[in-house]
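Chemist: This structure is in structure tokens; I'll ask about it shortly.
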Amino acid sequence: MQSIDIPKAYNPSSVEDKWYKQWIDDRIFHSEIDKNKKPYTIVIPPPNVTGILTMGHILNNTIQDIFIRVKRMQGYNACWVPGTDHASIATEAKVTSFLKEKGINKEEIGREEFLKHCWTWKEKYGGLIIQQLKKLGVSCDWERERFTMDDDYNKKVLEAFVKLYNDGKIYRGYRMVNWCPASKSAISDEEVIYKSVQGKLWYFKYPVIGTDKFISVATTRPETMLGDTGIAVNPDDERFKEFIGQKVKLPLVGREIPIFADEYVDKDFGTGAVKVTPAHDMNDYEMGKRHKLETVNIFNDDATTNNNVPEEFRNLDRFEARKRVVAALEENGFLLKTEDYQNNVGYSERGGVPIEPYLSEQWFIKMDGLAKPALKAVTEGKVKFHPNHWVKTYEHWMSNIRDWCISRQLWWGHRIPVWYNKNNNEIYCGVKPPEDIENWKQDKDVLDTWASSWLWAFDVFKTDEEQDYYYPTSTLVTAPDIIFFWVARMIMAGLYFKNDIPFKDVFFTSVIRDMEGRKMSKSLGNSPDPIDVIKEFGADALRFTVIYLAPLGQDVLFSKDKCEIGRNFANKIWNAGRFLMMNTQNIPLNDSLIDKHIDFTDLWITSQLNLTLQKLNKALDKFEINNASKIIYSFVWNDFCDWYLELTKTRLYSEDEEVKSAVLTRSIKIFENLLKIVHPFMPFITEELWHFVTGKNKTESISTSEYPEADKSLINENADKDMAYLQEIVTAIRNIRGEMNIPPSLQLDVFIKAKNINDEQLDYIKKLGKAKNITVDENLSKPKASASKVLNNCEIYIPLEGIIDLELERNRLKKEITRLEGSLMGIEKKLSNEKFVNNAPSDVVEKERQKKEDWGSNILKLKSLLEDIS
């Protein structure tokens, strides 16, 4: 092999751009049907076309990339399908805002013109996140990139609607829905985020008709009283029995409304009597149906008051209406009192405003028949969740599922394929419009975004042949917050439309938080821009760091500075490769010598490599990605770099040319395997070094090289034990040097009381421990004024006379013991103070307890050192 001079420092930016372009040019990520290969398929959770890269995307896509790269190297036909979601609400809001800045009103230009603007905006600004993902090094098959409103995908979505409609699974009806006044559209329960809000509880009275008595009620939404059509009490509440069947006169409105009994009413909340507004509360709506109450809608679709309220309260924002209603009630003597009240308020996830329970005509999918087989698929283990505790969450939701409202009052999206005859009540549902289109009017609504992406696992594949080959997919990697939005619905869709599960395993990622435990968000300003992090540390460093910090099922506490973990690891690998390749300038490589001149350290590193492969494969099979990163880190950093390379130096710098050639050839072969197991985690640096090490043509890639397999026959327990013994002794000698402040360059006399150290081990101990003489004798006595370490099978003594100033060291140790004992007394006093322990923050108390433990341990160590040299 030709010797190559590797640059002294690793430069991620030049390496990353170079190799990603090469990978794309060589189409190494592309997959086609190959009946001779087993497919391994992942579909990307399609990010919103409006989105930008977040740390959550980094974690999610790095995990997907690790799985797909490992399987590609293991010989599977690996296919990772990328794409983006049209994101109805988010995109429509962006485009509407964009047009508004130009003085263009969405309503004035109409639907068709607005959709043209949406497509123009999408082509110009949408999909930025895809370009950003490429900076991360993901190995998606970009030739298969999909968009949920591509013509072929749109057709599949409409076909699914028509099938469900014809199968009697879809219906249209008036229902109480969550209404987002910002987007003027219905939204699903899962798109509602509840926030704790400090509000008020208003108490006011309704006069009972024909008496001088009143019934008082309490509410957090006084403006809705304008739509009240009843007063409900608990049938067992003695306070109100005399009023059941009577009527009250609704203040400000004058409407007469009945008092009735219903077991839903909680006697202990508020006054025990409840105002009932069927058009604006989910529970009130159900009570209204039970008691045949009138339904009075008081809001327009933007949550302003409509003409169903008295004139003085019309055309008001709901919160302005609230103020005026409260003022009018107070002015007319109906307001009794106001209390502060902590309330959970539902907000539209996309619109960012409080939702309104709103009665409207919507399209629904009947969920009961779809949910049962999807629940069974998970509880019976056909679809496995990692971590498994998400099964309970899934089971609870699926067992209490409600019909899915799939219509949205938007323009951007898959328009519902239903037409209404202008001349009669006939309804037509079909993928293509009716032939006499001039007599028909299409439904204005579009489908919920999730009613298209639930088909993603199979309809990203355009032909039946591709679906038969790639489906079911293998693994889904996703965030747990869309377990209901997407995961559950994909399982339902797969079983209903394809009669098979959509994937075998679901990996739920961790939530990335800042160092204070807060979820990262733009509004908090606590989320670093991943592209900036990549520019500063490199993609490999970021990838490795997020995986290294993310235990399965636990949140990740992340800060940009933590990327030093990944950068230091990259530098360690780079320096190891550089060291080996620099030696090829003077030492010829010879594959025929790879099994020659082997000592126990070679047997040990080979054994460790195969043990590492065993543990790594087991961790990956169990979806323990974080554990896998630590297994790799330990082998690379500790075993290979810190120990094996240091050990090889004793032979690489020897006089025997054949030994040097054998050792270097073997070391580079092991390093090549090391690069292969690191590659799925850190693809760029490993590709660069692999080419340096193997001398391969640039069109060949480590990505398609063969992944190393564990060979049990090469796991050598004797070599492992010999090496562990060597490491223990060398570490003990190094620790004595550190504790006694002995200069690293100073050669020492070392005495080892033991009986089972062989010549090979002794030679390494002498070189790594920097000892000029080593005496080994099982009957040794401890020399005078010597430092010592007691190990399991031996004792180590290093005489210190003439090495350090013993008197000076004794005085230093005594002073340090005295100082620490004084500090320890202070901290013990503080911790014995109950007031401090009970009132100080728990983390402060814990830190003090840790100090006490550490200082006590340090005092014992120092006393032991003092005893050694006294």
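Chemist: Restricting to the range 227-272, name every residue that is β-branched (Val, Ile, Thr) and within 23 Å of residue 335 (Cβ to Cβ).
Modeler: Within the range 227-272, 229, 231, 233, 248, 253, 257, 259, 265, 271 qualify.
Chemist: Separate question: Considering the range 742-762 alone, what residues qualify as being part of a helix (DSSP H, G or I), in contact (Cβ under 8 Å) with a residue 60 or more places away in the chain and surrounded by 14 or more Cβ atoms within 10 Å (Cβ to Cβ)?
Modeler: Residue satisfying the conditions is 761 alone.
Chemist: Please find, within the range 299-335, the residue that is least open to solvent (accessible area, probe 1.4 Å) out of those that are among the aliphatic types (A, V, I, L, M) and touching a Ser or Thr at 6+ places or on another chain (Cβ under 6 Å).
Modeler: Per the criteria, the residue is 321.
Chemist: Another question about this same structure. For the range 848-870, give me each residue that is open to solvent by 40 Å² or more (accessible area, probe 1.4 Å), under 30 Å from residue 802 (Cβ atoms) and at pLDDT 85 or above.
Modeler: Correct list: 860, 863.
Chemist: So, one more: So which residues in the range 178-187 are at pLDDT below 90 and in contact with a Phe, Trp or Tyr (Cβ under 7 Å, 6 or more places away or on another chain), if there are any at all?
Modeler: Selection gives 186 alone.
Chemist: Does residue 127 satisfy the condition of being buried (at least 17 other Cβ atoms within 10 Å of the Cβ) and either closer than 30 Å to residue 20 by Cα or under 22 Å from the mean Cα position of the chain (by Cα) (or both)?
Modeler: When the stated conditions are applied, residue 127 passes them.
Chemist: Further question: Which condition does residue 353 not pass, out of (1) farther than 28 Å from residue 114 by Cα; (2) open to solvent by 20 Å² or more (accessible area, probe 1.4 Å), if it passes all the others?
Modeler: Residue 353 satisfies every listed condition except (1).
Chemist: While we're looking at this one, here's another question. How about the range 245-265: which of its residues are assigned to a strand (DSSP E or B) and open to solvent by 40 Å² or more (accessible area, probe 1.4 Å)?
Modeler: Passing the criteria: 247, 249, 256, 258.
Chemist: Here is a list: 698, 669. Which entry is in contact (Cβ under 8 Å) with a residue 24 or more places away in the chain, assigned to a helix (DSSP H, G or I) and open to solvent by 50 Å² or more (accessible area, probe 1.4 Å)?
Modeler: 669
Chemist: Every residue in the range 701-728 that is part of a loop (DSSP other than H, G, I, E, B) and either over 24 Å from residue 22 (Cα atoms) or not small (Gly, Ala, Ser) (or both), please.
Modeler: Once the filter is applied, which keeps residues that are part of a loop (DSSP other than H, G, I, E, B) and either over 24 Å from residue 22 (Cα atoms) or not small (Gly, Ala, Ser) (or both), the range 701-728 yields 706, 707, 708, 709, 710, 711, 715, 716.
Chemist: Continuing with this model, one more query. Kindly list the number of the only condition in (1) crowded, with 19+ Cβ neighbours inside 10 Å; (2) under 22 Å from the mean Cα position of the chain (by Cα); (3) part of a helix (DSSP H, G or I) that fails for residue 564.
Modeler: Of everything listed in (1) crowded, with 19+ Cβ neighbours inside 10 Å; (2) under 22 Å from the mean Cα position of the chain (by Cα); (3) part of a helix (DSSP H, G or I), residue 564 misses just condition (1).
Chemist: Which residue pairs have Cβ atoms under 6 Å apart, sit 6 or more places apart or on different chains, and have a first residue in the range 798-810 that is without any contact (Cβ under 8 Å) to a residue 40 or more places away in the chain and a second that is surrounded by 11 or more Cβ atoms within 10 Å (Cβ to Cβ) and of a type outside the set (S, T, N, Q)?
Modeler: 801/785
Chemist: Here's something else I'd like to know. Test of understanding: among 591, 599, which residue is open to solvent by less than 40 Å² (accessible area, probe 1.4 Å), at pLDDT below 95, of a type in the set (Asp, Glu) and touching a helix residue (DSSP H, G or I) at 6+ places or on another chain (Cβ under 9 Å)?
Modeler: 599
Chemist: Let me ask another. Sort out which residues of the range 168-222 are open to solvent by 30 Å² or more (accessible area, probe 1.4 Å), part of a loop (DSSP other than H, G, I, E, B) and more than 30 Å from residue 331 (Cβ to Cβ), and write them in order of number.
Modeler: 168, 169, 182, 184
Chemist: Could you check, for the range 141-161, whether at least one of its residues is free of Cβ contacts under 8 Å to residues at least 60 places away in the same chain, farther than 30 Å from residue 402 by Cβ and open to solvent by less than 50 Å² (accessible area, probe 1.4 Å)?
Modeler: Yes, the range 141-161 contains at least one residue that is free of Cβ contacts under 8 Å to residues at least 60 places away in the same chain, farther than 30 Å from residue 402 by Cβ and open to solvent by less than 50 Å² (accessible area, probe 1.4 Å).
Chemist: Can you go through 614, 608 and tell me which one is touching a residue at least 24 places away in the same chain (Cβ under 8 Å), part of a helix (DSSP H, G or I) and either among the acidic types (Asp, Glu) or buried (at least 22 other Cβ atoms within 10 Å of the Cβ) (or both)?
Modeler: 608
Chemist: Provide a single number: the residues in the range 618-666 that are outside any helix (DSSP H, G or I) and either surrounded by fewer than 17 Cβ atoms within 10 Å (Cβ to Cβ) or more than 31 Å from the chain's Cα centre (by Cα) (or both).
Modeler: 5
Chemist: Could you please let me know if residue 766 is touching a strand residue (DSSP E or B) at 6+ places or on another chain (Cβ under 9 Å), open to solvent by 50 Å² or more (accessible area, probe 1.4 Å), closer than 25 Å to residue 733 by Cβ and part of a helix (DSSP H, G or I)?
Modeler: When the stated conditions are applied, residue 766 passes them.
Chemist: Now for a different question. Tell me, which strands (runs of 3 or more DSSP E) lie completely within the range 771-847 with 2 or more residues that are among the hydroxyl-bearing types (Ser, Thr, Tyr) and surrounded by 16 or more Cβ atoms within 10 Å (Cβ to Cβ)?
Modeler: So the answer is 786-790.
Chemist: Go through 394, 428, 420 for me and flag whichever is among the hydroxyl-bearing types (Ser, Thr, Tyr) and under 30 Å from residue 627 (Cβ atoms).
Modeler: On inspection, the qualifying residue turns out to be 394.
Chemist: OK, next. Can residue 583 be described as crowded, with 18+ Cβ neighbours inside 10 Å, over 26 Å from residue 631 (Cβ atoms) and touching a residue at least 60 places away in the same chain (Cβ under 8 Å)?
Modeler: Yes; evaluated as a whole, the condition is true for this residue.
Chemist: Still on this structure, please answer the following. Within the group 347, 341, which residue is among the aromatic types (Phe, Trp, Tyr), in contact with a Gly (Cβ under 8 Å, 6 or more places away or on another chain) and open to solvent by 20 Å² or more (accessible area, probe 1.4 Å)?
Modeler: The conditions single out 341.
Chemist: Of all residues in the range 650-660, how many are in contact (Cβ under 8 Å) with a residue 60 or more places away in the chain and closer than 15 Å to residue 763 by Cα?
Modeler: The number of residues fulfilling the criteria is 2.
Chemist: Right, next: Of the residues 271, 295, which single one is touching a helix residue (DSSP H, G or I) at 6+ places or on another chain (Cβ under 7 Å), open to solvent by 10 Å² or more (accessible area, probe 1.4 Å) and under 25 Å from residue 209 (Cβ atoms)?
Modeler: 295
Quick grid of which residues meet (1) basic (Lys, Arg); (2) in contact (Cβ under 8 Å) with a residue 24 or more places away in the chain:
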site: 308; (1), (2): no, yes
site: 314; (1), (2): yes, no
site: 326; (1), (2): no, yes
site: 330; (1), (2): no, no
site: 333; (1), (2): no, no
site: 336; (1), (2): no, yes
site: 345; (1), (2): no, yes
site: 355; (1), (2): no, yes
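The values are calculated or read from the model by the stated rules, or taken from the named source; none is laboratory data. Small disclaimer: the values here were computed from a predicted structure and weren't measured. As a convention, Cβ positions derive from the backbone with ideal geometry for all residues, glycine included, and neighbour counts pool all protein chains shown. Accessible surface is based on the protein model in full, side chains and every heavy atom, while ligands, DNA and RNA are left aside. Shrake-Rupley method; radii C 1.70, N 1.55, O 1.52, S 1.80 Å.
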